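Enquirer: Pasting a structure here, questions to come.
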Amino acid sequence: MRTAIMTDTNSGITVEEGKKAGIYVLSMPVIIEQKCYLEGVDITHRQLYDAMLSDKELSSSQPSPGDVMAMWDTILSEGYDEIVYIPMSSGLSGSCQNAILLAQEYDSKVLVVDNHRISVTLMESVYDAKCLADKGLSGEEIKKTLEESAYQASIYITVNSLKYLLKGGRITPSAAAIANILNIKPVLTIQGEKLDLITKVRGMKQGERKMIESLKADISSRFSDIPAKRLRVATAGTFDKPEEAERWKNMVQEAFPESDVYYMPLSCSIACHVGVGAVGIGAIVIQERS
């Protein structure tokens with residue numbers, strides 16, 4: 001069996017990076033001033049940030065069924081027997097459930113994985129899947145492995161602006177107004193499903209320290225029995241300036257000296273919901289890779 005691995009740009013893997021790794025990547029759409037753009041095709045992170053800083057109206061969107069099925073058809077026409085498609089968590093978007101429904105038209109040739117992840121945690125799942133496919137595991141075996149290990153990951157994020165959480169209905173206008181006056185920042189987490197508030201802090205610096213503290217607690221408790229080579233620590237964000245991204249990565253590297261910490265920009269779709277200046281950190285248990 002030839003098994004293809006496919007994801008979307010919410011994994012943080014670009015179309016170009018996917019081609020180099022032998023992974024198919026679907027570009028996610030974002031809407032700016034009622035015009036649709038595809039990440040990595042006709043809009044960059046820089047252009048999206050500029051639109052945000054210019055206070056333009058924007059939102060994310062699901063990929064169209066036609067675009068999803070067209071990519072599946074192309075992959076199958078290239079000689080693959082089956083496709084393992086790993087979209088973002090069903091707890092954060094309807095695109096996963098829609099893909100499951102569309103896959104019913106493909107007579108078990110398309111297997112949609114819901115391993116409840118996004119951003120760096122999703123990216124590591126996709127690379128796990130590619131490694132397992134290269135080892136000869138079937139699509140069903142890969143899907144089972146990823147879904148069984150779905151909750152072996154943690155993500156924390158702090159946003160600089162409450163504007164987009166307010167727009168998404170996650171906070172009330174009065175709460176947002178008070179928080180802005182007092183410089184209160186929410187520290188949020190994704191432990192498999194939805195975005196949840198764990199605490200509130202004064203300023204981004206305190207938010208960064210709280211996220212590092214929380215991740216250390218996870219590693220010493222939830223992941224205490226995981227060998228170091230199977231635990232990845234990653235950073236993410238929507239930094240306006242590259243030096244800020246480097247500063248955050250270095251700060252986390254210092255906090256976790258035993259890990260090879262890396263940084264990845266949050267996808268354009270995610271950026272639409274957290275705004276410019278958001279800061280994230282994650283720990284991910286990966287499969288044995290060779």
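The values are calculated or read from the model by the stated rules, or taken from the named source; none is laboratory data. Because the structure is predicted, anything quoted here is derived from the model rather than measured. In this analysis, Cβ positions are derived from the backbone assuming ideal geometry, glycine residues included, and neighbour counts consider all displayed protein chains. Heavy atoms of the whole protein, side chains included, go into the accessibility calculation; ligands, DNA and RNA do not. Shrake-Rupley method; radii C 1.70, N 1.55, O 1.52, S 1.80 Å.
Enquirer: Could you grab me the full set of residues in segment 110-148 that are modelled with pLDDT of 95 or more and small (Gly, Ala, Ser)?
Expert: 125, 129, 133, 136, 138, 139, listed by residue number.
Enquirer: Go through (1) touching a Leu at 6+ places or on another chain (Cβ under 7 Å); (2) of a type outside the set (Phe, Trp, Tyr); (3) at pLDDT 85 or above and name the single condition residue 189 misses.
Expert: For residue 189, the failing item is (1).
Enquirer: Identify the single condition in (1) over 19 Å from residue 274 (Cβ atoms); (2) open to solvent by less than 80 Å² (accessible area, probe 1.4 Å) that residue 105 does not satisfy, given that it satisfies every other one.
Expert: (2) is the only condition that residue 105 fails.
Enquirer: Still on this structure, please answer the following. Can you name the number of the only condition in (1) without any contact (Cβ under 8 Å) to a residue 60 or more places away in the chain; (2) in a helix (DSSP H, G or I) that residue 197 fails?
Expert: Condition (2) is where residue 197 drops out.
Enquirer: Does residue 82 qualify as being touching a residue at least 24 places away in the same chain (Cβ under 8 Å) and in contact with a Gly (Cβ under 7 Å, 6 or more places away or on another chain)?
Expert: Working: touching a residue at least 24 places away in the same chain (Cβ under 8 Å): yes; in contact with a Gly (Cβ under 7 Å, 6 or more places away or on another chain): yes.
It is true that residue 82 is touching a residue at least 24 places away in the same chain (Cβ under 8 Å) and in contact with a Gly (Cβ under 7 Å, 6 or more places away or on another chain).
Enquirer: Suppose we filter segment 226-262 for residues that are touching a strand residue (DSSP E or B) at 6+ places or on another chain (Cβ under 9 Å) and of a type in the set (Lys, Arg); how many remain?
Expert: 3
Enquirer: Just name the residue that is farthest from the chain's Cα centre (by Cα) out of those in segment 196-207 that are surrounded by fewer than 19 Cβ atoms within 10 Å (Cβ to Cβ) and not β-branched (Val, Ile, Thr). Give the steps one after another, and end with the answer.
Expert: Within segment 196-207, the first condition is being surrounded by fewer than 19 Cβ atoms within 10 Å (Cβ to Cβ), and the residues that meet it are 196-206.
Remaining after also requiring not β-branched (Val, Ile, Thr): 196-197, 200, 202-206.
Numbers: 196: 15, 197: 18, 200: 23, 202: 26, 203: 24, 204: 21, 205: 23, 206: 23 Å.
Checked segment 196-207; the qualifying residue farthest from the chain's Cα centre (by Cα) is 202.
Enquirer: Tell me, please, whether a residue that is β-branched (Val, Ile, Thr) and under 16 Å from the mean Cα position of the chain (by Cα) can be found in segment 66-78. So that I can check it myself, show each step before the final result.
Expert: Going residue by residue through segment 66-78, those that are β-branched (Val, Ile, Thr) are 68, 74-75.
Now drop any that are not under 16 Å from the mean Cα position of the chain (by Cα), which leaves none.
Within segment 66-78 (the criterion being β-branched (Val, Ile, Thr) and under 16 Å from the mean Cα position of the chain (by Cα)), the answer is no, since none of the residues qualifies.
Enquirer: Inside segment 150-186, can you point out the residues that are over 20 Å from residue 233 (Cα atoms), open to solvent by 50 Å² or more (accessible area, probe 1.4 Å) and modelled with pLDDT of 65 or more?
Expert: Correct list: 160, 163, 167, 183.
Enquirer: Now, a different point. Restricting to segment 108-149, and then to whatever is over 16 Å from residue 96 (Cα atoms) and of a type in the set (A, V, I, L, M), can you tell me which residue is most open to solvent (accessible area, probe 1.4 Å)?
Expert: 137
Enquirer: Still on this structure, please answer the following. Of all residues in segment 208-241, which are within 18 Å of residue 275 (Cβ to Cβ) and open to solvent by 20 Å² or more (accessible area, probe 1.4 Å)?
Expert: Across segment 208-241, the qualifying residues are 239, 240, 241.
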